[in-house]
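Asker: For reference, the structure I am asking about is given below.
A short reminder: the numbers here are calculations on the coordinates, not readings from a lab. The model shown is predicted, which means the values in this text are computed figures rather than measured ones. As a convention, Cβ positions derive from the backbone with ideal geometry for all residues, glycine included, and neighbour counts pool all protein chains shown.
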Amino acid sequence: MKKAVSFFLACLFLPLTGNLLFAQKGNHDWAQLYSVQLFHITEVMVTDVASPPVAARIYAYTNLASYRVIQESGATFERTDFLTFSQIQNQVSDLPLEPIASPEFSAVYAMFLVGEKVMPSGYLLKEKQKAWQEWGLKNKLVTKKNLEQHLAFAKAVADQVLLLAKTDGYTQLTALNRYTPKEGEGFWYPTPPAYMAAVEPEWKTMRTFFIENLDDFAPAPMAEFDLTKGSSFQIQLQEVYDQGKNLTEEEKLIANFWDCNPFKVEFSGHMAIGVKKISPGGHWIGITGIASQKEELSFAETAYIHTLVSLTLHDSFVSCWKAKYETHRIRPETVINEKLDPNWKPLLQTPPFPEYTSGHSVISSASAEVLTGYFGENFGFLDSSEVYFGLPERAFESFFQASDEAAISRLYGGIHFRDAIENGVTQGKKIGKSIWDRIEKL
């Protein structure tokens, strides 16, 4: 496993036009190839500092483009075609396209075409498109004679997916009212050190792929703001404060491993420096790729599970963000600095949005439900998703072990109260289970 992961990481740094050894005994390592190409999408997102919900949306549409190419090419899937029951069923129609020799080639190219349009710095993918064409010709996925046919196939699917993206509510977000923090005790407002404005306060208006009624996945009520000694809120506040002052080295490692904060800022004198980090969804996309490679999935199955996880991530963020901007709950750092200790700082930088529920808890638990449904219980893996960003690998015995660690990491990091974590886990599991149960019933 370590050898496979090391090879995967090495490929991330090699130019696509170089001598990549994707072929083994005449067969391409499709799961690895897919992960390497998808990482180019991640790189652009990191450059753009995409917010967690926006990053999940980008993964959803870029992976959906790949999946649709495979689907339109007549591939059959081990489980089922989830487009037969998702909310996009009636908005995605079959395309009258001629068969192509390499659906895999067109699938990756469609991914790049969609990524180019849905990200501010998507133009950076143009060189990846060119490199992919060169690699495809060199490795005989396509020929000079049928290259244009494959590019046209990819463009037709990408255009369809982009049309779908244009109607999901994203372009309307800027026209909605700007967020104004609520007045009074217990409500969120910008936190140090950057004091950034609230991120995506109207994300609840986004169209979901699977969830039909967001209220069905609302979290349990949070503890009311109450500083009276012995109240639920006061006990949780004291827990965050005490935990932050007595962290073990292992707890610090866990918190940093799951930080995934694209907004992290470090200061040097009067200069603010942004720190490049993967998004929470990006971490779970990385885990999906690692699992796909371990199982040596076909290209079709790799595209399938990446797309299913991506759409699950998107819906989970919509659900979580709805809760955040309906509760407007204050962050631990703000209350602790005002009421307990003005010098206390959390290990992690507090993200710029309300506290309840914990986004990591929701999206990690939802992802773990879907991945466990697909790969099975007790699926062990070595998580190398953060190596590119300077953090060591971590071994997990199951997806749920990983998601539980991601959830509790927010307490270690000092940025969430316990009920936001525990109720977030329940919220996420309910979302993931509802999606997987519907697939299993078909």
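Asker: Give me the orientation-averaged projected area of the Cα convex hull of segment 36-113, in nm², one decimal.
Answerer: 6.2 nm²
Asker: So which GluC sites (Glu not before Pro) in segment 175-250 are both in a DSSP loop and have at most 11 other Cβ atoms within 10 Å of their Cβ?
Answerer: GLU183, GLU185, GLU212, GLU224
Asker: Compute the FRET efficiency between ASP341 and GLU212 as 1/(1 + (r/R0)^6), taking r as their Cβ-Cβ distance and R0 = 60 Å, and round to the nearest 0.05. The partial results should precede the final answer.
Answerer: On the way: r = 45 Å, r/R0 = 0.75.
Efficiency at R0 = 60 Å is approximately 0.85.
Asker: Still on this structure, I have one more. So what's the angle, to the nearest 10 degrees on a 0 to 90 scale, between helix 103-118 and the longest Cα principal axis of the chain?
Answerer: It is inclined by approximately 40 degrees.
Asker: Name the most mobile residue of LEU162, LEU176, LEU83, meaning the one with the largest mean-square fluctuation, in a Gaussian network model of the chain with Cα contacts below 10 Å.
Answerer: Comparing LEU162, LEU176, LEU83 in a Gaussian network model of the chain, the most mobile one is LEU176.
Asker: Something else about it: Which of the listed residues, PHE417, PHE381, SER298, is farthest toward the dipole's positive end in the chain, when Lys, Arg count +1 and Asp, Glu count -1 at the beta-carbon?
Answerer: The listed residue farthest towards the positive side: SER298.
Asker: Return the tail of the calculated pair distribution for segment 85-146, meaning the percent of Cα-Cα pairs more than 18 Å apart.
Answerer: Working: 963 of 1891 pairs.
Value for segment 85-146: 51 percent of Cα pairs lie more than 18 Å apart.
Asker: OK, next. How large is the charge dipole for segment 111-218, taken about the Cα centre, if only the Cβ atoms of Lys, Arg (+1) and Asp, Glu (-1) carry charge, to the nearest 20 debye?
Answerer: About 920 debye.
Asker: Next question. Would you compute, from DSSP H runs of 4+ residues alone, the mean residue ellipticity of the chain at 222 nm, taking -39500 (n - 2.57) per run and dividing by the full residue count, rounded to the nearest 500?
Answerer: -17000 deg cm²/dmol
Asker: Let me ask something else about it. In segment 64-119, which trypsin sites (Lys or Arg not before Pro) are in a loop and have at most 16 other Cβ atoms within 10 Å, using DSSP for the loop call?
Answerer: ARG79
Asker: Quick one: order ILE408, ILE278, ILE235 by neighbouring beta-carbon count within 10 Å, fewest to most.
Answerer: Going from least to most buried by this count: ILE235, ILE408, ILE278.
Asker: Counting other beta carbons within 10 Å of each Cβ, put MET111, MET45 in order, fewest first.
Answerer: The most exposed by this proxy come first: MET45, MET111.
Asker: State, to one decimal in nm, how far the label point of GLU183 lies from the label point of ALA395, with both points 7 Å from Cα in the Cβ direction.
Answerer: 5.8 nm
Asker: Taking N as the number of residues in segment 120-223, what is its alpha-carbon radius of gyration divided by 2.2 N^0.38 Å?
Answerer: It is 1.72.
Asker: How far apart, in nm, are the 7 Å Cα→Cβ label points at LYS145 and THR47?
Answerer: If labels sit at LYS145 and THR47, their model points lie 3.7 nm apart.
Asker: Quick one: helix 2-12 against the long Cα principal axis of the chain, what's the angle to the nearest 10°, folded into 0 to 90?
Answerer: Once rounded, one gets 80 degrees.
Asker: Next up: Grab every C-alpha pair in the chain, bin the distances at 20 angstrom width from 0 up to the longest one, and report whole percents.
Answerer: Result, from short to long distances: 26, 57, 16, 1 percent.
Asker: Please arrange SER364, SER73 by how many other C-beta atoms lie within 10 Å of their C-beta, fewest to most.
Answerer: SER73, SER364
Asker: Another question, then. Note down the relative contact order for the chain as a percent, whole number, built from C-alpha pairs under 8 angstrom at least six residues apart. Each step should come with its number before you reach the end.
Answerer: On the way: 691 pairs, mean separation 94.9, N = 442.
With pairs under 8 Å counted, the relative contact order is 21 percent.
Asker: Please report the projected area of segment 289-373's Cα convex hull averaged over all directions, in nm².
Answerer: So the Cα hull casts an average projection of 7.1 nm².
Asker: May I pose another question? Could you give me the percent of Cα pairs per 5 Å distance bin for segment 225-441, shortest bin first, beginning at zero and ending with the bin that holds the maximum distance?
Answerer: Per 5 Å bin, starting at zero, the Cα-Cα P(r) for segment 225-441 comes out as 1, 7, 14, 18, 19, 16, 11, 7, 4, 2, 1, 0 percent.
Asker: Quick one: grab the alpha carbon gyration tensor of segment 294-343, order the square roots of its eigenvalues as a ≥ b ≥ c, and give me rounded if a/c is under 1.5, else prolate or oblate depending on whether a/b is larger than b/c.
Answerer: oblate
Asker: Here's something else I'd like to know. Over the alpha-carbon set of segment 63-105, work out the extent along each principal axis and list the three values in angstrom, largest first.
Answerer: Extents along the principal axes, in whole Å: 30, 24, 16.
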